[in-house]
Amino acid sequence: MEFTFSDEVSGELADLVLAELKAENRRRSPELRAALERHGEEQPLHVYALEGGRPVGGMVGRTWVGWLHVDLLWVRERGRGLGSRLLARAEELAAARGCVGVRVETWSFQAPGFYQRQGYRIAGEVPGHPPGAVDYTLIKEL
């Protein structure tokens, strides 16, 4: 069989690849199937801090198979405790959904110390990603 290759950016093809990978993962893993039955499909979880109706911080994430995945955490001004409060509220909402843990990725120039002060531990690191920095994965049990 001869193949051709395309490097076209295609949402339709990306959706197909994702659907096929999800289906294969479910076929291959009884543990994943059980977790999906117990927790359902991925659900967004967002928490925003507003001051005078304007956003001054936010956490954008999702819950999936019993874990909160923090995708983005931003505060306009550091040092006011807002990040801690956003994260605590997200953890509270995740626990109410039955989540047992939280995971987040952050770079060495961002906030690994912040997450460690919130009870997270480093579970993995990729030195040199991006160049001159370290990409950390941190986790916390709920």
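The values are calculated or read from the model by the stated rules, or taken from the named source; none is laboratory data. From a predicted model like this one, the values you see are computed outputs, not experimental measurements. As a convention, Cβ positions derive from the backbone with ideal geometry for all residues, glycine included, and neighbour counts pool all protein chains shown. SASA here: full protein model, heavy atoms, side chains in, ligands and nucleic acids out. Shrake-Rupley method; radii C 1.70, N 1.55, O 1.52, S 1.80 Å.
Is it the case that the range 3-14 has a residue that's open to solvent by 90 Å² or more (accessible area, probe 1.4 Å), touching a residue at least 12 places away in the same chain (Cβ under 8 Å) and at negative phi? No, the range 3-14 contains no residue that is open to solvent by 90 Å² or more (accessible area, probe 1.4 Å), touching a residue at least 12 places away in the same chain (Cβ under 8 Å) and at negative phi. Number of residues in the range 70-116 that are among the charged types (D, E, K, R), touching a residue at least 24 places away in the same chain (Cβ under 8 Å) and either within 28 Å of G132 (Cβ to Cβ) or part of a loop (DSSP other than H, G, I, E, B) (or both): the value is 3. In the range 78-118, what count of residues is obtained for those that are open to solvent by 30 Å² or more (accessible area, probe 1.4 Å), under 15 Å from W67 (Cβ atoms) and touching a strand residue (DSSP E or B) at 6+ places or on another chain (Cβ under 8 Å)? Counting residues in the range 78-118 that are open to solvent by 30 Å² or more (accessible area, probe 1.4 Å), under 15 Å from W67 (Cβ atoms) and touching a strand residue (DSSP E or B) at 6+ places or on another chain (Cβ under 8 Å) gives 5. For the range 54-66, the candidate set comprises residues that are touching a helix residue (DSSP H, G or I) at 6+ places or on another chain (Cβ under 8 Å) and part of a strand (DSSP E or B); within that set, the residue that is surrounded by the most Cβ atoms within 10 Å (Cβ to Cβ) is M59.
For the range 27-36, a residue qualifies if it is touching a helix residue (DSSP H, G or I) at 6+ places or on another chain (Cβ under 9 Å) and open to solvent by 70 Å² or more (accessible area, probe 1.4 Å), and the qualifying residues are R27, R33. H39 meets the conditions (1) surrounded by 10 or more Cβ atoms within 10 Å (Cβ to Cβ); (2) modelled with pLDDT of 95 or more; (3) under 14 Å from C99 (Cβ atoms) in every case but one. The failed one is (2).
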